[in-house]
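To start, the structure itself, in structure tokens.
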Amino acid sequence: MYDVVIIGAGPAGISASLYAKRANLNVLVIYNGKSNLEMTEKIDNYYGFKDGIDGKELYINGIEQAKNLGVEIKKDEVFGIQNLGNTFEIRTEKEKIETKTLIIATGNKNIRPNIKGIAEFEGKGISYCAICDGFFFKNKDIAVIGNGKYALNEAKELSHIVKNITILTNGLKAPLTEFKTNDKKIKEIKGEQTVREIEFEDGEKIEVDGIFVAIGQAGAGNFAKTLGIMQSGDYINVNDKMETNIKGIYACGNATGGLLQICKAVFEGAMAGLSAVDYIRNFDKEN
Amino acid sequence: MSVKIFNDNNFNNEVLNEKGKILVDFYADWCGPCKMMSPIIDEIAEEIENITVGKVNVDENPEIASKYGIMSIPTIIIFENGMPQKKFIGLTSKSEIESELK
């Protein structure tokens, strides 16, 4: 069991790991995919670099710094997180990991695709959480929107409950899978009280009872929805200690919104790391 | 007031035939966000007067859940004189719910 698991290896996640590790905790950072920082060509407004610094270089330096301090870092994709009461289980592509605290530092990704009808039917057949809402689609025909491993994992969860599943990639390349796939671009989601039909841009229509959205990789918004972390819009709500409404879960960096800058991510990461340290010291006393 | 337990048997009598505002939280034990909703519902029941607050376990009472088109939980419906007046889908803040009750 880990003391602290941090999802995300950008400035917020790595900064959190440094403070938690320096307090001698058992720390793991899981990351996958591209960080915003990694894709930034040049950073000119961060303290201490007189000629600016390449985003990718700063990103890699951060990960190396954490490794040098003894932080364990794994490249793996997180599919879901379960609250076990006073610990958390993280399901990744490769394994299940248990931890006493969790720091969400995934950055912020829009979990809602830009398709007409999506917002209108949320909660009326459109869901972002297979574990929460799969139950309502027993023996029904459903679609999963997405084309990555996360979408396939959500489809697998649902396959035990629903009758038929179609994976809709919305114009992206269809993944290799035993599920039926459709790679046409979606024009509109239609229905009356609830979702009934998906219309593609070429005019083809299919009937569905429900749609589960799982585009790209699972991120802060997906974890918030499945765990019940309070959000304002797409951002996770935290207090000044970076605590969310769930004890033992913290969020930092772009996932919490506000100023989307490295300095803010570094500060929030440090705060989240220190808060996790405080929490663990009490946790170990009480358990 | 404490939170009442509504089910397929008592829903008509205790919600639909009652006067005034009744807040109903549709939940299930296996739903993470429902567990985070629950303490907020308890606080509302405790703090706001002149309103009845209750819960429906959708696992055990599929009829009511289906009648009110519940397809995502937690869902909160505020009934007034037996008619659904307002629906909140997903984890909702206390202040958002309270503003509907005043």
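Total residues in the stretch A:243-284 satisfying the condition of being surrounded by fewer than 24 Cβ atoms within 10 Å (Cβ to Cβ), part of a loop (DSSP other than H, G, I, E, B) and more than 14 Å from chain B (Cβ to nearest Cβ): the figure is 5. When each of A:Ile131, A:Ile142 is tested for being among the β-branched types (Val, Ile, Thr), at pLDDT below 95 and not assigned by TED's automatic domain parsing to the domain that holds A:Arg91, the lone residue that passes is A:Ile131. When you scan the stretch A:1-46, how many residues do you find that are acidic (Asp, Glu) and part of a helix (DSSP H, G or I)? Number of matching residues: 0. Looking at A:Gly80, A:Gly62 in this structure, which one is over 18 Å from the mean Cα position of the chain (by Cα) and either at positive phi or surrounded by 17 or more Cβ atoms within 10 Å (Cβ to Cβ) (or both)? Criteria check complete, one pass: A:Gly62.
Could we say that A:Asn110 is touching a residue at least 60 places away in the same chain (Cβ under 8 Å), within 14 Å of chain B (Cβ to nearest Cβ), over 23 Å from A:Lys205 (Cα atoms) and surrounded by fewer than 22 Cβ atoms within 10 Å (Cβ to Cβ) here? Taking the combined requirement at face value, the residue does not satisfy it. The set of residues from the stretch A:217-242 being within 17 Å of the chain's Cα centre (by Cα) and surrounded by fewer than 18 Cβ atoms within 10 Å (Cβ to Cβ) comprises A:Ser232, A:Gly233, A:Asp234, A:Tyr235, A:Asn237. Cβ-Cβ contacts under 8 Å between residues 6 or more apart (or on different chains), taken from a first residue in the stretch A:207-233 that is closer than 10 Å to A:Lys109 by Cα to a second residue that is among the basic types (Lys, Arg) and outside any loop (DSSP other than H, G, I, E, B), are listed as A:Gln217/A:Lys149. Here the condition is being buried (at least 20 other Cβ atoms within 10 Å of the Cβ) and of a type in the set (A, V, I, L, M); of A:Leu176, A:Leu158, A:Leu172, it holds for A:Leu158 alone. Among the residues of the stretch B:15-27, the ones that are buried (at least 17 other Cβ atoms within 10 Å of the Cβ) and either within 18 Å of B:Glu60 (Cα to Cα) or among the basic types (Lys, Arg) (or both) come to 6 in all. Checking each residue in the stretch A:219-242 for being under 19 Å from A:Glu77 (Cβ atoms), more than 14 Å from every other protein chain (Cβ to nearest Cβ) and either among the hydroxyl-bearing types (Ser, Thr, Tyr) or in contact with a strand residue (DSSP E or B) (Cβ under 8 Å, 6 or more places away or on another chain) (or both) picks out only A:Ala220.
The values are calculated or read from the model by the stated rules, or taken from the named source; none is laboratory data. Computed from a predicted model, the values in this text were never measured in an experiment. Positions of Cβ are backbone-derived with ideal geometry, glycine not excepted, and every protein chain shown enters the neighbour counts.
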